[in-house]
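Remarks on the structure that follows.
The values are calculated or read from the model by the stated rules, or taken from the named source; none is laboratory data. Bear in mind the structure is a predicted one, so any value in this text is a computation, not a measurement. Because the Cβ atoms are built from the backbone with ideal geometry, glycine has one as well, and the counts that use them run over all protein chains shown.
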Amino acid sequence: MSQKFSIVEDHRLFAQALAGLIVQVGDYVLHDIYSDSETAKRELLAHPPDLVFLDLVMPDGNGLDLLVQLREAEFQVPVIVVSMLKDSLVISKAMDAGAMGFIPKNTDFEELEQAMAAVLSGKVYLSTSLQQEIQQLSEHHNADWESRNLDEKVNQLSKRELEIVKLVAHGYTNAEIGEQLFLSSLTVKTHRHNILKKLGLRNSAALVKLATELGWI
């Protein structure tokens with residue numbers, strides 16, 4: 001039996017070209033193409049296909065919001081993001097929001113086939129080229145840490161932020177940190193976001209690594 005797929009993409013020509021490639025992969029049939037988030041949300045929930053391809057840039061919002069809304073509505077169909085956006089933070093947000101796959105718009109036929117096979121079998125798929133870019137970004141940050149004085153970076157932090165860094169390094173959760181510092185969990189979360197931004201770090205693991213280098217653990 002043919003599997004149905006839908007495409008959420010406001011550039012009709014690209015959507016039609018993508019659909020043409022998908023039907024060549026195997027026994028797949030185009031269910032529909034949606035050019036705006038609102039229509040896509042309504043129709044996908046009412047008439048779910050077997051697979052969804054989603055662009056993140058839409059005229060009435062962004063694909064990340066749509067992903068979150070679908071997840072909150074307990075939408076169980078796997079979604080592959082097809083986007084020109086390659087920022088590691090965007091990729092991370094998309095996967096956190098419920099995407100099962102992420103491939104660039106200039107992907108080749110072989111990778112499209114691999115992505116579809118992976119997500120339809122319940123696996124997560126991230127384009128090889130994007131994995132390489134994320135790795136290069138990580139290496140760039142590591143080199144940056146080695147070349148610049150750590151004291152200079154730490155001096156950017158406020159006294160409160162330094163307290164939070166040390167507590168994070170010791171494994172405390174946002175709620176536990178909030179209890180110790182008399183702050184709400186949301187305030188602690190905001191502080192942690194600002195700390196990572198100031199220091200140019202991608203995640204809490206890198207923050208713990210820095211704290212270790214400074215002898216705080």
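The table for this structure:
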{"read-out": "Number of positions in the range 119-139 that are of a type in the set (A, V, I, L, M, F, W, C) and modelled with pLDDT of 80 or more", "value": "4"}
{"read-out": "Residue check for Leu21: touching a residue at least 60 places away in the same chain (Cβ under 8 Å) and either of a type outside the set (Asp, Glu) or assigned to a strand (DSSP E or B) (or both)", "value": "yes"}
{"read-out": "Qualifying residues in the range 146-164 (those that are at pLDDT 75 or above and in contact with a Lys or Arg (Cβ under 9 Å, 6 or more places away or on another chain)) - the one surrounded by the fewest Cβ atoms within 10 Å (Cβ to Cβ)", "value": "Gln156"}
{"read-out": "The range 22-63 - residue that is loosely packed, with under 15 Cβ neighbours inside 10 Å and either aliphatic (A, V, I, L, M) or not assigned by TED's automatic domain parsing to the domain that holds Glu110 (or both) and, of those, nearest to the chain's Cα centre (by Cα)", "value": "Val57"}
{"read-out": "Check on Phe5, in a strand (DSSP E or B) and touching a residue at least 40 places away in the same chain (Cβ under 8 Å)", "value": "yes"}
